[in-house]
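Read the figures in this text as sums done on the coordinates, not as results from a lab. Just so you know, these numbers come straight off a predicted model, no measurement behind them. All Cβ positions, glycine included, derive from the backbone under ideal geometry; neighbour counts span all protein chains shown.
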Ligand SMILES: [Zn+2]
Ligand SMILES: [Zn+2]
């Protein structure tokens, strides 16, 4: 039998020209918090599962806490100068995805983010943070505007997912998400995305293809919401806590996988207990990463510097995945 | 009193750097067929007005003749290989504006055009050739695809105007037309537009910003349809024949003004009497102008050649207008 | 479209709210000034002292009706006081078609309109500053033949756009229009192409275009430069569209909903960025300029640009 | 989504309509071949001889139902006979999460699925010709865990796209999918970004991507590479969407219209270019290639390119 090697998320970039088809990931397939290994699945003690499940579910609940700072809470503090821009110039304006021009730490930026409400009335106005195609097409317009004016793009991710409804399908929210991914992958300005609460599926990723992807300590990011995962796996949404643990959706999981770049610490008890401390942490992280990315753009000839940023962005996502291959 | 000079449509391009603010047009303000001059307006014999009105109205009727070749009639003969492409990827597909990939005289091209019907049923399906925002946004998508693949763009203009309806306003047909003008003005492929019947207002111009603008002998092109003009001028749409003559909307008028590049002759009696002769004329004209434009793109360094084509396109429209200025 | 004759000219500096007023000269005919003590709101009939009316930027304090403004009121409401410089005022209307309408000859109509409106044409162009930042401004004045777009309108706008590119200055267009200038026929239509093509060059030069839609804005203006902007603002209640409601009702027999074609309707349908109260206009434009004009301010300071333009700058000007 | 077990493998060359058939090898398990005399239409219950069924490209001649195809039938329906070459078949499923579901361990499930489906993973990639023109093809096979997109799916597609860029070859993706591969969690989600980013490079290289949507196509596949194509084709009646009808009905309590999410529905809503009958697929793709691939054929002939690419070709490949 030939040796099997695995490729994990975000290892050192593969030089394609050398045709090295596989590299070993230095990240373990199953880390310390991964309690279900292939061979021993049937023999795990129930209380261990329960501990992890409880811990993950607690994070899910904090990530969804209504008093947690939401996108506009961050923008208000981080960007005292902010002009919200509306509309996709095609069909409508989506209040579940907000964006606009802003100043951050002395530089002009474009900010985008899904916006949840704090009570029922707000949540209805914001559609519970679930964008429709119009939201993603507004985001597309603003991304392109950011590029036109050389403004870095800052994205706040906080959504259970794109809105699953008749209108979303009629105007193809899938197409809207896909087009955003296409444009983000080649947008000629630095992009930083931060998951501040829930990062639900393609509806989150649509503003998450970035040079830096960060997550708050108690945020989650997943291919499907815990409830949807439980529905798919066991046709029982009530098993969401088990699904949450099974699917490995915490910031810590994703950092271990190399999918995200950094976990930003929250105050004890969670971000909702101290908004200003949380926002200060975000300010520092945004500022630090932006400064690094901007410094990269100052190196050498401008077009080459941008090409280099885009190449790094491509490689970042290019290397995400785990597979086996006989060499 | 200082001398007054006029600038007509499409004189020799003005070198901007030399700051020559005015050039005299070699085109007479009122040509031989222009019967209403400023000083003698009140004294014109009624039968002269009537002659011009009759002549113009006859052209309007030929331009609108249901048996006249329509966009798809041209495409079918000129481009035996044609794949119609549908949809704006935003909201819908408009049957009043068609487009797709085609081969014309051995080269790949993108074709676009408003499509009228021949009977009531067809006309309802084609919305009488009046596009909605979806039509113009499909056109936008196809223009950009033409640019991506380096395909010249051929446009057939034949519309009473953009559809004036609730849905057109909700999704802003004005925005759609404006965006097309913006994109056409910088599209990095040769563009030829031909008015084959009615060129009605902004709804026609939205696919009429081109390197070459041609008109068939019995086609019309106007800022508003004769009926709309009569409504605006006299609140009486029945005076359309008089409005048509007053507004100077024939191919011959526009050629005299320098607004269009060439008038293509039709068979005696009009294009509807002999489709294949008309289409042969169009084939020759398209082929000739395309060959010239393509030859221009072969001269010198490619990027500079494109820049030169775009500069000429800009100057073509930049110089359209008549005004007076004290120097 | 109703036309509002009630547009008294702002006369002095005798009130503190109106710090940015800077009229270039008194352009209103005497006739209007004589009745200039009260104004009556066309929407709610409220009577307001002219002085109060000017203080409130000609917005009814009872019903928020935004009166139509003449070009000079608009300058005062947007630019820093005393900063306005008009350019290309001497470009005057031609008569390309030799247009006569039942004995009324176009050049005569223009002469009359000039006298009545106090300006040479429907678009007034120039530049000034907002919070000290240079801004080029083109203002369509509905009092001149319903701000219909003809050759002069297009030529002056394009000259202003080219001026912006030469001077690296952002552009604000303030639009109102009843549609195309019928008297200039096909030439009017071509102004749509001409102005929008110039905006494409402005965009390639990395300079922002802000568009302010005011009441009423229809036809070729809406379907060209006014809707192609980086940020589109609209005044509350402004009617904006391509075809007018009467034409739509006649053509389609559709029942049009309440609020159809208002600025708020356009906002809801994703076509404008913000509906801005007149008193917020100056500060909003100033802030937008600060946020979108960082490249220029960086250049002025000799700071290296963070991010180069996508487009080749050499290609930005086709002349 | 109902899964169609009735997918017998095409066996021979014994009929004249099926000239382009070119199976790489017999991949179907014996079990299926045994019942391979009649097929019963799931839509109208019509019984058809297998031979006739294959002649008609597995389209019901009574009701036009397009049966779901296995990857090798798809190859036969699209490519020139004998031209198919599979690549990267040896890339196999990993287990990034250490996923276990009520005692069912992911690697075990994969082993069973491989055996049943006769392929290593849900996406089969390779290249061939259409009317002699080279074309890279990626086919999602619904028989492999509902063609869910996981790491291998994404990796194989990206390798194929990079192969296209190296060889200057156009790309056809044939999509079907029940959604993301749940067992690979966040890695599955990231395949949306990974595949779409690669398509952006394909586009910058001036190479076309044709997307064929087949029944059923949902979730992350629809919301990534499948909807980002120069020309989007769909098979008649194919169900295509982001969220499934059941989820939408449960979440919104909306009544969904007849024909919701069919290919025809998407065409009407402007999301696909053409709904193409299976028997027209080969000729349509061939014609599209001829029309969009002129740059390549010109290069091959040593003819000067008419129009240079907008994007800098040096930047087309980021690796
Ligand atoms: Zn009032
Ligand atoms: Zn059947």
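Quick notes on this one:
- Only helices enter this figure: runs of n ≥ 4 DSSP H residues, each worth -39500 (n - 2.57), summed and divided by the residues of chain A, yield -12500 deg cm²/dmol at 222 nm to the nearest 500.
- Centroid-to-centroid separation of the range D:195-267 and the range C:237-287 [C-alpha atoms, Å]: 34
- Size descriptor, Kirkwood hydrodynamic radius, that averages inverse alpha-carbon separations across the range A:87-199, Å: 14.2
- Remark: mean inter-chain Cβ contacts per residue of B:183-189 equal 5, using a 10 Å Cβ-Cβ cutoff to other protein chain atoms.
- Relative contact order computed over chain A (Cα-Cα under 8 Å; 6+ residues apart), in percent: 20
- The two copies A and B are related by a rotation, and the chain A beta carbon nearest its axis, with distance in whole angstrom, is A:90, 2.
- With both labels modelled 7 Å from their Cα along Cα-to-Cβ, the residue D:277 to residue D:260 distance reads 3.0 nm.
- Put the Cα centre of the range B:186-224 next to the Cα centre of the range A:107-146 and the gap is 39 Å.
- Shortest first, residue D:90 label-point distances to identical copies amount to 8.1 nm, with the label point at 7 Å from Cα along Cα→Cβ.
- Cβ-based exposure ranking for C:152, C:240, C:85, C:285, in which fewest neighbours within 10 Å come first: C:85, C:285, C:152, C:240
- Using a Gaussian network model of chain A in which every pair of alpha carbons under 10 angstrom is joined by a spring, one finds that among A:166, A:101, A:264 the greatest mean-square fluctuation is at A:166.
- Annotation: the residues D:289, D:149, B:215, sorted from fewest to most other C-beta atoms within 10 Å of their own C-beta, follow the order D:289, B:215, D:149.
- Residue of B:288, B:256, B:313 that the Gaussian network model of chain B assigns the largest fluctuation, springs spanning Cα pairs under 10 Å: B:288
- Using a 7 Å projection from Cα along Cα-to-Cβ, the label point at residue B:238 is separated from the same position in the remaining copies by 7.7 nm, smallest value first.
- Convex hull (Cα only) mean projected area of the range C:217-291, reported in nm² to one decimal: 5.5
- Förster radius 51 Å - calculated FRET efficiency between residue C:166 and residue A:84, Cβ distance, rounded to 0.05: 0.95
- Label-point spacing at residue C:279 relative to the other copies reads 7.4 nm, in ascending order, each point sitting 7 Å out from Cα along Cα→Cβ.
- Chain A: mean projected area of Cα convex hull, nm²: 18.8
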